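Asks: Below you'll find the structure I mean.
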Amino acid sequence: MLKNYLITIFRQIRSNKIFSFINILGLALGMAACLVITQYVNFHTSFDSFHANADRIYRLEAEAFKNGEQLGQSFTAPSMLGETLRDQSPLVKEVARFFDYTYANNTIIYKDLDRLVNFEQPGVFVADEGVFDLFSFDFIAGSASRFDEPQTAILTLEASRKYFDDPEAAIGKTFTLSGNTGAHEYELLGVIEDIPESSHIQFELLISYPSMDNYTKARTSWVSSSLITYLLLAENADPVAIMDDVTRLHKENSEESYAASGYAVDYYLRSLTDIHLNAQSAWVYGEGVDSKTVFVLSFIAVIILIIAWINYMNLSLVRTMERLKEMGIRKCMGSSMRQITQLFILEAFVMNIIAFGLAILLTQTAEKYLIEVTGLPVSALLDMEVFALLSGLIAIGTLLIGFYPYILLKTMNIVNILVGNRGKIGGVKMRKSMVFVQFMITFILIAGTVTVYNQINYMREADLGIDIENVLVIKSPPGNVTSEQREDLARFSTFKTELLNYSGIKEISNAGEIPGEPVGWQAGLYLKNQSKETTVATGLVSMDLDFPKFFGIDVVAGRALRKGDDPWTKGDVVINVKLAEMLGFSNPEDALGAEIAGFYGPPLKVQGVLENHHHTSLHNDYTPIAYILSSWTEYYFIKLRLDEKSTDSKGDQLASLVSSVKSEWNKVYTDYQMDYFFLDSAFDQQYKEDIRFGKIFSGFSVLAILIACLGLFGLTSFSVQQRTKEIGIRKVLGASASNLLMLLSKEYLALVSLACLISAPIAWFIMSSWLNEYTFRIDLGLWFVTIPIAFVVGLALFSISTKVLQTIKTNPVDSLRSE
């Protein structure tokens, strides 16, 4: 029986190659899209689940408030809060704390008998010994047994390879960590496996917790909220109950200090496995993903698969109507409805299996492109859990699709079928309803795609208020700001002087901050004649005198800083318009001469007000900034001048200038490699997740639209097939091709147009809500409706006319021959 069924099924496929190809292709595209999106969603929702205690680990976070107004999230806490929780609360088994020391512009220097090695070292964190009790970071060599001692360190495998050939032989070796706060020696205790990509915690070097005293006194503070704190809860401990202890300790030790400056914090716990889905606070330098993005893509995956199934049913219906006599003969020859149903279900299963195989082939063929677009590691595209899930969906789809022709056939009279009188075919309203819903979804997807594209393009092309084009950025070597002998400043002066002799070098500046990253140096500033409750959280940009001019930041009031100004002895400072407004000045001119308290030196005196600029992406509002003259340097900025008359391309000119800069660098900085990048490219990296979301959204929206058009093609084919003789008679009576096209398409175009009208306000609401996540955003104008309608109607007309015109061209004699 099974063999006969399979012979019949493959005979049908061979005899209707084009129709079967379209049917299988529609299913395969739907499954491939669903497969990739499901893998993307599964990868991001399974972050940090590899830790053995993942279900019991929580991060201590807080909502920050200023005079009752919400400021935002904080994912750091005071050191003593975590430590006291561990010691006093029976619900907390262990605590792990991280302190970000990457800001210090670190370099590791390792010297043995025959070589000297030094590299810039990113990802440097202070951590306590609890890290290896909470998290499943495996040691390749050494251990953390002495990690509670000062001046000890642990490296990841990849980082260790820059300095040591063999991890085992490296244990016990001493290296120097040199940064802007000084140089200190550390003993290497262990080397661990590289941090998995599915971990939100990312680092390369951990230095022991007691070593923190070399850099800050925050280790014994109840007020300085600077440590990322994780709690390992006791078995069956209630996170809500733990918050009672957190609230009590905060009230007893730090609430009053915060309140004196007008601040308040409301602590809460976030589960370890939920952290990655909070894009704004995943990790200091890590990349989270917005949970809304995951939800939207999950929804699209479901929609695409449903559309693919609906289309299969619509397209199969056309074939079913051509096979009605076959089904009638089978019933007359003794086949039961159960056997016919089995045939349909097996046919649906075979088609699903072929489509699934093709979907896997498509996915693997496009693997490199998919990895680039989605950012997924190769292993995620081979996730067996996802394959198992889709296998279950195949089974469900097989049953749904297989029973539909059976239900249709059961309503029909066998005698009428055998004499060629099919009667009125049921389910017309249902089929039209499915097409209607498909094109509602199509309209929403097109509107969403256009909106996402316009918003991303708006952010990338917006005027930032600073000039970042053709700016070469070099990571500066460390310079100890506490030292009286500043060799780094002398070297930079020489380097700068030599470079300015080149015609292609326009300007040079240096600073401790870089556009495109949040300002790391912060202070709570307030007017000297006002209370601390008016404190404004302010970014302090350490810079040289040339910084504002270099980036084209205009002075709107007062003057720029000049030689002789000094914030550390005289309090000279310039601020931006945003800070002036937040300090209470409606006019920048009124801020001139104002004295500001809260700085690390004497009260600041405002000498000038600079125009606002976007220091970070347009996701965020303008940052309140105070510009501080300081020798703390992390970046050298070099503005390159291109020759417009040159016949060389822009890329060739930039490459030549970079080569010249490298040449001068190697003369001055013989012991440091030149680590450089272009500022505009680095700034654009802030939109990487937006661009990735846009590509995924638009790519799979196109697939959904294509599948919907195939469905409309199937319904049109069925309708035209039902009216073939009518078309022949109308042609004989003189109907033109345009009249017939209008007659056969108006019903579906009306259906599609109605779908657009109804879905327009839905799409408007959805995309308006999405745009509200952006501080600077586009306005939804008339284009939001007209562009999707034009696309949808155009696609529908193309899908319909393809089959209709083919039928119109048929000789009416052929269609009327049997009458």
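Asks: Rounded, prolate or oblate: which one fits the range 729-772, using the alpha carbon gyration tensor with axes a ≥ b ≥ c (rounded when a/c is under 1.5, else prolate when a/b beats b/c, else oblate)? Please list the in-between numbers first.
Replies: On the way: a/c = 9.07, a/b = 5.57, b/c = 1.63.
Prolate, because a/c is 1.5 or more and a/b exceeds b/c.
Asks: Starting from the amide H of Val536, placed 1.01 Å from N in the peptide plane, find each other amide H under 5 Å away whose residue is 5 or more places distant or on another chain.
Replies: So Val536 has HN proximity to Leu525, Tyr526.
Asks: Share of the chain's accessible area from carbon and sulfur, percent, 1.4 Å?
Replies: Working: 20540 of 36840 Å².
Result for the chain: 56 percent of the exposed heavy-atom area is carbon or sulfur.
Asks: Can you give the helix-only mean residue ellipticity at 222 nm for the chain, where every DSSP H stretch with n ≥ 4 adds -39500 (n - 2.57) and the sum goes over all residues, rounded to the nearest 500 deg cm²/dmol?
Replies: Values: 26 runs with 392 residues, N = 819.
Theoretical 222 nm ellipticity from helices: -15500 deg cm²/dmol.
Asks: Let me ask something additional. At what distance in angstrom do the alpha carbon centres of the range 507-552 and the range 48-124 lie from each other?
Replies: 25 Å
Asks: Relative contact order of the chain, please, whole-number percent, based on alpha carbon pairs below 8 angstrom and at least 6 residues apart.
Replies: Numbers: 1363 pairs, mean separation 124.6, N = 819.
Relative CO of the chain lands at 15 percent.
Asks: Give the residue from Ser391, Tyr110, Ile808 lying farthest towards the positive end of the charge dipole for the chain; charges sit on Cβ (+1 for Lys and Arg, -1 for Asp and Glu) and the dipole is referred to the Cα centre.
Replies: Going by the charge dipole, the pick is Ile808.
Asks: Also, quick follow-up: Heavy atoms only, 1.4 Å probe, whole protein assembly: order Ser46, Ser15 by accessible area, highest first.
Replies: Accessible-area ranking of Ser46, Ser15, largest first: Ser15, Ser46.
Asks: Could you report the range 643-757's accessible area per residue, 1.4 Å probe, as an integer in Å²?
Replies: On the way: 5630 Å² over 115 residues.
On a per-residue basis, 49 Å².
Asks: So, one more: R0 = 51 Å: FRET efficiency of Phe65 with Lys563, Cβ-based, nearest 0.05?
Replies: Once rounded, the FRET efficiency stands at 0.75.
Asks: Taking the highest mean first, how do the peptides 183-192, 84-93, 124-133 order by number of other beta carbon atoms within 10 angstrom per residue?
Replies: Numbers: 183-192: 19.5, 84-93: 16.2, 124-133: 22.2.
Going from most to least packed, we get 124-133, 183-192, 84-93.
Asks: So, one more: Taking a point 7 angstrom from the Cα of Lys292 along the C-beta vector, which residues in the range 680-714 have backbone N less than 18 Å away?
Replies: Within reach of a label on Lys292: 687-698.
Asks: Between (i) 33.8, 107; (ii) 38.2, 131; (iii) 31.3, 94, which matches Rg and Dmax of the Cα atoms in Å calculated for the structure shown?
Replies: Looking at Rg and Dmax of the Cα atoms in Å for this model, the match is (i).
Asks: So, taking all protein chains as they sit and a 1.4 Å probe, how much accessible area belongs to Ser663, in Å² rounded to tens?
Replies: Approximately 50 Å² of Ser663 is accessible to the 1.4 Å probe.
Asks: By accessible area of protein heavy atoms, probe 1.4 Å, what ranking do Thr497, Thr535 get, highest first?
Replies: Working: Thr497 80, Thr535 10 Å².
Sorted descending by solvent-accessible area, the residues read Thr497, Thr535.
Asks: Provide the FRET efficiency to the nearest 0.05 for the Glu372-Arg460 pair, computing r from the beta carbons and using R0 = 25 Å.
Replies: On the way: r = 19 Å, r/R0 = 0.74.
The calculated FRET efficiency here is 0.85.
Asks: For the range 181-190, in order, what is each residue's ³J(HN,Hα) by Karplus, 6.51 cos²θ - 1.76 cosθ + 1.60 with θ = phi - 60°, in whole Hz (x at glycine and Pro)?
Replies: 9, x, 10, 9, 8, 9, 9, 7, 8, x
Asks: Related question: Given a 1.4 Å probe and the protein chains all in place, what does the accessible area of Leu527 round to, in Å² to the nearest 10?
Replies: Per-residue accessible area (Leu527): approximately 10 Å².
Asks: Let me ask something else. Size of the dipole of the chain about the Cα centre, Lys and Arg at +1 and Asp and Glu at -1 on the beta carbon, nothing else charged, in debye to 20?
Replies: Working: 68 positive and 89 negative charges, 1322 e Å.
The calculated dipole for the chain is roughly 6340 debye.
Asks: Name all residues of the range 583-617 having a backbone nitrogen under 18 Å from the label point set 7 Å from the Cα of Glu469 along its Cα→Cβ direction, giving them as ranges.
Replies: Hits in the range 583-617 for Glu469 at 18 Å: 614.
Asks: Per residue, how much accessible area does the range 1-140 show when a 1.4 Å probe rolls over the protein heavy atoms, in square angstrom? Don't jump to the answer; show the numbers that get you there.
Replies: Numbers: 5850 Å² over 140 residues.
Heavy-atom accessible area per residue stands at 42 Å².
Asks: Order the peptides 96-102, 112-118 from the highest to the lowest mean number of other Cβ atoms within 10 Å of their residues. Don't jump to the answer; show the numbers that get you there.
Replies: Working: 96-102: 22.1, 112-118: 10.1.
Order by mean packing, descending: 96-102, 112-118.
Asks: Show me 581-591, 341-351 ranked by packing, highest mean number of other Cβ atoms within 10 Å first.
Replies: Values: 581-591: 17.1, 341-351: 20.3.
Highest to lowest by the protection proxy: 341-351, 581-591.
Asks: Hey, another quick one. Full-extension gain between Leu733 and Glu252, please, as 0.36 nm times their residue separation minus the C-alpha to C-alpha distance. Please report the intermediate quantities before stating the final value.
Replies: Details: separation 481, 0.36 × 481 = 173.16 nm, distance 9.49 nm.
Full-extension gain reported as 163.7 nm.
Asks: If you don't mind, there's one more thing I want to ask. Rounded to the nearest 10 Å², what accessible area does Val720 have for a 1.4 Å probe in the complete protein model?
Replies: Roll a 1.4 Å probe over it and Val720 shows about 10 Å².
Asks: Right, next: Gln364 versus Lys725, label points 7 Å from Cα toward the beta carbon: distance in nm?
Replies: Once both label points are built, they end up 5.1 nm from each other.
Asks: Let me ask something else about it. Would you mind computing, in nm to one decimal, how far apart the modelled labels at Ser503 and Thr670 are, each placed 7 Å from Cα along Cα→Cβ?
Replies: Output for this residue pair reads 3.2 nm.
Asks: May I ask you to compute the full-extension gain from Val223 to Ile353, defined as 0.36 nm times their residue separation minus their alpha-carbon distance, rounded to one decimal in nm? Walk me through the numbers before you get to the answer.
Replies: On the way: separation 130, 0.36 × 130 = 46.80 nm, distance 6.14 nm.
Here the answer is 40.7 nm.
Asks: Under 5 Å between amide hydrogens, which residues at least 5 positions from Ile140 or on another chain qualify, with H placed 1.01 Å from N in the peptide plane?
Replies: So Ile140 has HN proximity to Val191, Ile192, Glu193.
Asks: Sorted by accessible area (1.4 Å probe), largest first, how do Val240, Val302 line up?
Replies: Details: Val240 100, Val302 80 Å².
The ordering from most to least exposed comes out as Val240, Val302.
Asks: May I ask you to compute the full-extension gain from Phe21 to Val702, defined as 0.36 nm times their residue separation minus their alpha-carbon distance, rounded to one decimal in nm? It would help to have the intermediate numbers written out before the result.
Replies: Details: separation 681, 0.36 × 681 = 245.16 nm, distance 1.93 nm.
My answer for the length gained is 243.2 nm.
Asks: Taking amide hydrogens as modeled 1.01 Å from N in the peptide plane, which residues meet the under 5 Å criterion relative to Ser226, leaving out close sequence neighbours?
Replies: It is Ala77, Ser79, by chain and number.
Asks: So, one more: What is the P(r) of the range 168-225, as percent of Cα-Cα pairs per 5 Å bin from 0?
Replies: Using 5 Å bins, I get a P(r) of 4, 13, 20, 21, 18, 17, 7, 1, 0 for the range 168-225.
The values are calculated or read from the model by the stated rules, or taken from the named source; none is laboratory data. Keep in mind the model is a prediction, meaning the values are calculated, not measured. Note that each Cβ is placed from the backbone with ideal geometry, even for glycine, and that neighbours are counted across all protein chains shown. The protein model used for the area step is the full one, side chains on, heavy atoms only, and it has no ligands, DNA or RNA in it. Shrake-Rupley method; radii C 1.70, N 1.55, O 1.52, S 1.80 Å.
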